[in-house]
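Q: Mind looking over this structure? Questions follow.
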Amino acid sequence: MRRRSFLLGLGALAGAGALAACSNEAPAGAPPAGAPPAPPTTTTTAPPAYEGEAAQVALGAAVSALAGELLGQAASGAGQGRYGAVPGAVAAYLSGAAAQHVAHAEAWNRLLTVAGRPAVDGAPLSVEPALRERLDAARAPVDLLGLAADLTGTVAATVTAITGRVTEASAVALAAGVGPVAAMHGATADFLLGRPPSAPGDPTAGALGPDALTV
């Protein structure tokens, strides 16, 4: 009787093992002969949004927008007393220059949209974080004017360089109008800082190129 129970137990274990084996999926075998190989996995980089002369126009829009945004924030902070006692002439300069740069950015973007290109959103430039850090670190009117002088100098040099890089009449005309205004802003900031007037030896020194765009 005990031997019979033992054999029955072995049979039950064997059956359970067979069921467990049947419930598992069989390992995948080799692909059938003649089957095409799996396509390789590749990563593609999206092409830049702006190329050729469109990249030059986009650069003008971005650098003007950056100046308009940072100078506008400086003017707003000055009105809130964030930088101590800011003379009225400095506050008026910051707000007036900011408004003109914003208008310039809008004009550059109109050229893009008329040509069927997307308008530049904000100031997608590699130099933007460092300039924003300078504004965040500003504590006095002299800090704001130093930033304004450097920033508008970059705008003037960049737009002057763009003038020689584009051939479309509307882009040439806009660059030729924007460049002197940006240079005037830089000269005004220097005057308010008490610096002697001077003419740059190379009006395109420090200009940004399309590689500064991050779009």
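Q: Tabulate in residue order the Karplus-calculated ³J(HN,Hα) for the range 138-144, using 6.51 cos²θ - 1.76 cosθ + 1.60 with θ = phi - 60°, rounded to whole Hz; enter x for Gly and Pro.
A: Result, ordered by residue: 5, 10, 8, x, 4, 5, 5 Hz.
Q: Compute the Cα gyration tensor for the range 131-215, then decide on rounded, prolate or oblate, letting a ≥ b ≥ c be the square roots of its eigenvalues: rounded whenever a/c is under 1.5, prolate when a/b is larger than b/c in the other cases, and oblate in all that remain.
A: Details: a/c = 2.51, a/b = 1.53, b/c = 1.64.
Oblate, since a/c reaches 1.5 and b/c is not below a/b.
Q: Right, here's the next one. Between G122, L135, A149, whose Cα lies farthest towards the positive end of the dipole of the range 111-159 when Lys and Arg beta carbons carry +1 and Asp and Glu beta carbons carry -1, centred on the Cα centre?
A: The residue sitting most towards the positive pole is G122.
Q: Now, a different point. Using the Karplus curve 6.51 cos²θ - 1.76 cosθ + 1.60 with θ = phi - 60°, what ³J(HN,Hα) values do you get for each residue of the range 197-214, in whole Hz, with x for Gly and Pro?
A: Result, rounded to whole Hz: x, 7, 9, x, x, 10, x, 9, 4, x, 5, 7, x, x, 5, 7, 5, 10.
Q: How much of T113 can a 1.4 Å solvent probe reach, expressed as accessible area in Å² and rounded to 10?
A: Result for T113: roughly 70 Å² accessible.
Q: Rounded, prolate or oblate: which fits the range 97-147, taking a ≥ b ≥ c as square roots of the Cα gyration tensor eigenvalues, rounded meaning a/c under 1.5, else prolate when a/b beats b/c? Each step should come with its number before you reach the end.
A: Details: a/c = 5.04, a/b = 2.14, b/c = 2.35.
In terms of gyration-tensor shape, oblate.
Q: Amide H to amide H, which residues 5 or more places from L125 or on other chains are under 5 Å from it, using H placed in the peptide plane?
A: Long-range HN contacts for L125: T214.
The values are calculated or read from the model by the stated rules, or taken from the named source; none is laboratory data. A quick note: this is a predicted structure, and the numbers were derived from the prediction, not measured. Every residue, glycine among them, receives a Cβ derived from its backbone with ideal geometry; neighbour counts consider all protein chains shown. Note: accessible area is taken over every heavy atom of the protein model, side chains too, but ligands, DNA and RNA are not part of it. Shrake-Rupley method; radii C 1.70, N 1.55, O 1.52, S 1.80 Å.
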